[in-house]
Amino acid sequence: MEGLKTGADAYLAKPFNMEELHIQIDNLIDNIRRLRGKFSGAVDQEQRIEKINVKGNDDEFMERVMRSVNANMSDCNYNIDSLAKDVGISRTQLHRKMKEITGISSGKFLRNLRMEQAAKLLREGKVNVSQVADKVGYQDLAHFSTAFKTYFGVSPSEYQEIQQG
């Protein structure tokens, strides 16, 4: 019981019951996959842009990441080095930790959040595509359009037309 109180994922008494061991392993693997899917973009991240609701040992880290990304969303000079500095770890450690938690690189994670924010702004229909690009940190409209089309499969203007009817 002491191990569980200090953060162990599972505890098995000796001698091991092989069926119980296999169930524990399957559950741990499922939990890791679920967390990776949750942050990789496989699951809609729109709700997570302003607040993250994750349970586990990496809560505080992901909250720091999301606070920093949200505070700097429109800064075109904000990059992975800036994020690593804000979070207080090296670029290498940031990449390793993000890959472990989300299953994707820190660069893709930042791009995914920017694309989800752009889609949200386009759905609202209050600003045009170039203003959306600026609000999510892209100075070059062509680069934004290419990244958006790669992520969503349609251009930003086509996406806005589809969403507005």
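The values are calculated or read from the model by the stated rules, or taken from the named source; none is laboratory data. Just so it is clear, the structure is predicted and the values come from calculations on it, not from any experiment. Backbone-built Cβ (ideal geometry, glycine too); neighbour counts: all protein chains shown.
A few comments on the model shown:
Here's the yes/no breakdown for (1) under 30 Å from Phe144 (Cβ atoms); (2) modelled with pLDDT of 75 or more:
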{"site": "Met1", "(1), (2)": "no, no"}
{"site": "Ala10", "(1), (2)": "no, no"}
{"site": "Asn31", "(1), (2)": "no, yes"}
{"site": "Gly37", "(1), (2)": "yes, no"}
{"site": "Asn57", "(1), (2)": "no, no"}
{"site": "Val65", "(1), (2)": "yes, yes"}
{"site": "Met73", "(1), (2)": "yes, yes"}
{"site": "Tyr78", "(1), (2)": "yes, yes"}
{"site": "Asp86", "(1), (2)": "yes, yes"}
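- Checking Lys126 against (1) over 22 Å from Arg33 (Cβ atoms); (2) in contact with a His (Cβ under 6 Å, 6 or more places away or on another chain), the condition it does not meet: (2)
- Residues satisfying the stated conditions in segment 58-104, i.e. assigned to a loop (DSSP other than H, G, I, E, B) and either closer than 28 Å to Leu141 by Cβ or basic (Lys, Arg) (or both): Asn72, Met73, Ser74, Asp75, Cys76, Asn77, Tyr78, Asn79, Ile104
- Taken together, the residues in segment 106-165 that are of a type in the set (Ser, Thr, Tyr) and outside any helix (DSSP H, G or I) amount to 2.
- Inspection of segment 70-79 identifies no residue that is without any contact (Cβ under 8 Å) to a residue 24 or more places away in the chain and of a type in the set (Ser, Thr, Tyr).
- Looking only at residues in segment 107-165 that are out of contact with any Phe, Trp or Tyr (no Cβ under 8 Å at 6 or more places or on another chain), among the polar types (S, T, N, Q) and buried (at least 17 other Cβ atoms within 10 Å of the Cβ), the one that is nearest to Asn70 (Cα to Cα) is Gln117.
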